[in-house]
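Structure record follows, encoded as structure tokens.
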Amino acid sequence: MKFQNPKNEHLSMERANTLFDDEFLKKLEYLNLISKQMVPGHLHGEHRSKKKTNSGIEFSDYREYVSGEDTRNVDWRTFLRLDKLLLRTFEEEADLPIYIFIDSSASMDYGNPSKFDYARKIAAAMCYVGLMNQDRVNLIGFNSGVDKQLSARRGKNQVWNTFQFLEAMTTRGSTSMVRSFKGFFSSRRRRGLVVVISDFLDPSGFERAFDMLRHYRQDLFAVHLYETEEREPKLPDEVLLKDSELGTIERVKITPSLMDSYRELFDAHSKSIEVYCKKNGWGYINTSTVTPFEDLVLQVFRQGRFLK
Amino acid sequence: MANPALVTGLAVASLLIIAILYWIKPPPPTVVVSSSILWARLMRERKRSSLLDKLRRLLSILIACIIAVFIATASGGPELISSEESEIKDATIVMDNSGTMATLTRGGFTRWEHAVEVAREILVGSHPSAEFLILDTSGQIVSRVANTKWKALEELEKLSISFEGNVQYPVLTDRDARLVFISDGVSPIAVPTMTETISVFEPAENVGITSLTISSGLSEFASAPRGFVQVTNGSLNVKEVVVGVSGLGGKNIRESLTLKPDSSVTSVIDLEEFQDGPLRVSVTSVRDAFSKDDLAYMVKPLSSKSKVTLVTSGNVYLESALEAMSNVEFSVIETESYDPMDLTDIYIFDRFKPEIPPSVPTLEFLIAEQFSQDIVSVGSYRSLGDHPVLRGVTLSDLRIEKVSSPPFITGDSEILWGDIETPLLIAQVLDKKSVQVGFSLEGSNFPLQPAFPIFLANTIDWMLESDVPAFVKQGRVVIPTDNASILDLDGNSVEANVLDGHTIFHAIAPNLYSIRQGSDRFWIPANLTNYNYTLVNKSRLNSGALSGMVIKGDDGSNELIKPNLWSLLVSISLLLVALEWFTYHRRITV
């Protein structure tokens with residue numbers, strides 16, 4: 001497979017031992033094909049905007065004429081028949097901005113493969129399909145704030161750039177989704193689909209951050225990642241737990257009941273995110289890093305939020 | 001409890017060790033987790049809600065301490081004190097350790113083992129402060145100092161069965177204590193009143209050798225030595241018995257006998273075909289419960305003729321009788337020809353008293369004319385003792401016309417027949433052996449009696465027999481040999497002491513002892529030939545009670561075996577160990 005970089009140079013992607021190797025690229029191609037079958041016709045590239053305009057190709061609806069408006073779109077035939085001034089409205093055809101937020105805090109660098117690698121693969125898959133779908137894809141790495149971002153890209157030829165961006169990302173620092181979202185959306189951004197790929201282990205919680213997205217009227221798709229050992233840790237009787245982000249140490253005496261409680265808390269944490277998302281009509285998916293990433297991406301597609 | 005101070009020390013030491021072990025417990029390992037947010041939240045909730053979490057360590061230490069204290073306490077052998085036991089009862093326990101206690105019971109244990117078990121139960125089940133005195137009927141324990149139950153248990157373990165025969169109830173100190181006698185009731189022991197007798201008797205089958213003697217064959221009736229084995233059935237049933245004799249040269253004799261209960265049969269063994277030396281006699285019967293009397297040993301004497309010189313003016317009875325003895329080289333000399341330096345083994349003086357007595361043993365028929373008396377029947381006099389000279393000599397028809405006054409009676413003289421005023425037969429063992437007959441042969445019908453040649457043969461046998469005893473009983477054995485080495489039948493060296501030119505050792509059980517001194521070697525059989533042992537059912541406590549299980553007290557109450565506290569403590573400790581294992585693996589404790 002060959003991609004063309006911005007300098008019109010053909011760059012071979014036959015790279016071994018990297019995050020996005022040939023095997024990965026083959027899977028992306030496969031995912032792209034599958035996505036076409038799942039949502040027929042989406043390859044026209046444009047997503048229908050909810051916004052209704054007075055100009056356009058595809059008729060959408062009628063609405064009553066308001067004094068002062070342009071009369072060019074008044075449907076005179078209907079006026080003659082109904083004696084009512086009605087304007088014809090058309091659907092605005094617009095490309096959908098996709099904001100992919102990748103958690104690059106230190107807690108993501110956990111497990112084998114790490115949650116971060118897994119998150120980057122998911123992001124890469126989404127980017128690939130989005131770019132192939134002529135969507136405007138934004139990539140944002142965040143930890144305690146916006147760490148790194150790749151501004152809106154569109155078109156197949158941007159695949160190489162997005163992969164390069166993803167590969168260059170590293171983990172560090174603590175997690176603050178509030179600061180990150182605030183930092184990103186404080187500058188004017190178009191409404192679009194916000195994909196957050198994170199473990200959601202934010203000391204200040206996820207609610208405020210999600211409230212902020214709702215405030216900015218963004219659509220959210222939350223991909224909640226966890227390592228199996230995070231849910232089922234194998235710990236000795238008594239242990240000092242060191243937080244990889246904050247460096248704090250918690251002395252814990254492990255008992256079966258404590259482990260049960262921990263698992264319940266872990267599941268409750270995931271459930272609370274899911275409930276919040278569903279309440280707001282958002283997408284949510286929860287997965288362990290042992291799940292093949294392509295299965296997860298397909299699952300995302302099936303939910304119908306990413307592909308419209 | 002064995003030693004409360006020691007047990008307390010042990011418990012304290014255990015607790016200290018546990019405390020130190022918990023103190024030096026290594027710090028927990030550090031594990032890096034992606035985020036401790038959830039853990040921190042969980043721990044905050046747990047700290048608020050769980051009291052057990054706070055007490056986990058304490059609970060763990062508590063369980064470990066209880067286990068340690070229980071085991072330490074159990075090692076001291078504590079007891080449960082019931083309301084009955086709360087009263088301190090001192091006791092004197094007399095153990096019957098006579099030979100019949102070695103009789104096996106149906107359970108495979110001996111009566112002695114049952115007796116020890118019963119005594120042990122009394123001691124263990126008693127109040128810890130009670131004092132006990134353990135005594136025995138064989139005098140193995142001489143101390144009359146009462147001890148704690150644990151010391152008493154130690155003394156009890158030291159006791160063993162004695163076959164020495166001299167059993168008697170021990171002399172007791174005036175002690176206000178419960179008196180317990182544990183016995184099978186077979187040995188004739190006089191038990192004081194107010195004694196609780198605990199029976200360990202159980203009927204048993206036994207056939208044993210009750211007598212074993214050997215004749216040198218000097219008499220006219222036998223040309224070779226003969227053995228006499230008396231076998232007695234001490235069982236309650238008729239028994240088929242096989243008597244076997246084996247000796248050097250590979251010769252074996254077997255004879256089958258049928259014995260009624262409490263009956264004896266004497267079997268004569270012709271020893272001619274056996275080589276000189278030790279012989280082993282055995283009786284075999286089915287289900288024999290007492291083995292100590294099933295074997296006996298004897299020693300066939302060396303086959304050589306003895307030289308006997310008769311000094312007489314003429315006595316046809318003596319000459320005829322001596323001439324008939326095949327193993328005697330007999331010669332007759334006149335009184336004038338007497339020379340004390342002549343080589344002979346025995347002198348027989350017929351109404352002759354030499355001026356110079358010989359250095360060899362003598363049989364003297366005294367001059368009866370010295371004192372006249374009416375004809376007396378033998379019934380007027382009694383036979384005293386069981387001297388070898390009178391063995392098998394029946395004098396029921398003997399009549400004597402004249403008796404002589406004894407020329408010499410010292411404290412060392414033994415009157416075998418007659419009384420102190422009219423001794424008819426005297427035996428002396430001074431620097432030599434001598435027998436004096438206090439009546440003349442002409443003045444009695446003794447030479448006409450069948451017992452006469454037997455008397456002569458016995459006398460010659462006795463005089464010629466070695467100073468070394470032919471048989472000994474269990475107990476102290478004195479050998480007139482200086483510094484001899486003694487081996488038992490298994491070749492084990494027997495400890496012996498030398499005293500005043502004699503070697504003294506203890507024959508603790510039936511055995512055949514080999515005595516060596518320089519190049520000389522001889523044997524001494526120590527047999528358990530005694531009716532009192534063989535008749536193992538002759539018990540005054542024969543009530544059919546199962547041995548060792550019933551204690552007959554004054555009030556007739558039965559005391560049952562009580563569980564020991566130490567075993568309870570150990571059981572609880574094991575349960576706690578299991579609990580600790582469970583709680584540890586369930587992470588309830590640390």
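The values are calculated or read from the model by the stated rules, or taken from the named source; none is laboratory data. Please read all numbers here as calculations on a predicted model, not as lab measurements. Reconstructed Cβ throughout: ideal geometry from the backbone, glycine too, with neighbour counts over all protein chains shown.
See the values below:
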item	result
Which numbered condition B:I71 misses (of (1) buried (at least 18 other Cβ atoms within 10 Å of the Cβ); (2) under 19 Å from the mean Cα position of the chain (by Cα); (3) modelled with pLDDT under 90)	(2)
Residues being buried (at least 22 other Cβ atoms within 10 Å of the Cβ) and within 14 Å of chain B (Cβ to nearest Cβ) - total across the stretch A:200-222	4
In the stretch A:248-260, the residues that are among the acidic types (D, E) and more than 7 Å from every other protein chain (Cβ to nearest Cβ)	A:D260
Checking B:L343 against (1) without any contact (Cβ under 8 Å) to a residue 40 or more places away in the chain; (2) buried (at least 22 other Cβ atoms within 10 Å of the Cβ), the condition it does not meet	(2)
Filtered residues of the stretch B:299-335 (kept if closer than 14 Å to B:A457 by Cβ and crowded, with 18+ Cβ neighbours inside 10 Å)	B:P301, B:S306, B:V308, B:L318, B:A321, B:L322, B:M325, B:N327, B:V328, B:F330
B:S246 vs. criteria touching a strand residue (DSSP E or B) at 6+ places or on another chain (Cβ under 9 Å), outside any strand (DSSP E or B) and modelled with pLDDT under 90	no
Any hit, the stretch A:136-151, residues being of a type in the set (S, T, N, Q), modelled with pLDDT under 90, farther than 30 Å from A:D243 by Cα and within 16 Å of the chain's Cα centre (by Cα)	yes
Flag if A:V178 is away from chain B (no Cβ under 14 Å) and under 30 Å from A:N32 (Cα atoms)	no
Yes/no for B:P78 being in contact with a helix residue (DSSP H, G or I) (Cβ under 6 Å, 6 or more places away or on another chain), away from chain A (no Cβ under 14 Å) and at pLDDT below 85	yes
A:Q299, sole failed condition from (1) within 9 Å of another protein chain (Cβ to nearest Cβ); (2) closer than 29 Å to A:D211 by Cβ; (3) of a type outside the set (A, V, I, L, M); (4) touching a strand residue (DSSP E or B) at 6+ places or on another chain (Cβ under 7 Å)	(1)
Among the candidates B:S543, B:S514, residue that is at pLDDT 70 or above, over 23 Å from B:T232 (Cβ atoms) and of a type in the set (G, A, S)	B:S514
Those strands (runs of 3 or more DSSP E) lying entirely in the stretch B:430-516 with at least 2 residues over 24 Å from the mean Cα position of the chain (by Cα)	B:433-437
Test for A:L265: is it outside any helix (DSSP H, G or I), at pLDDT 90 or above, at the interface with chain B (Cβ under 8 Å from one of its Cβ atoms) and over 19 Å from the mean Cα position of the chain (by Cα)	no
Options A:E227, A:E245, A:E274, A:E238: the member that is within 11 Å of chain B (Cβ to nearest Cβ) and over 30 Å from B:Y584 (Cβ atoms)	A:E245
Unmet requirement for A:G111, which otherwise passes all of (1) under 22 Å from A:D295 (Cβ atoms); (2) modelled with pLDDT of 90 or more; (3) in a loop (DSSP other than H, G, I, E, B)	(2)
Residue among A:R179, A:R231, A:R190 that is farther than 28 Å from A:P113 by Cβ, of a type in the set (D, E, K, R) and touching a residue at least 12 places away in the same chain (Cβ under 8 Å)	A:R190
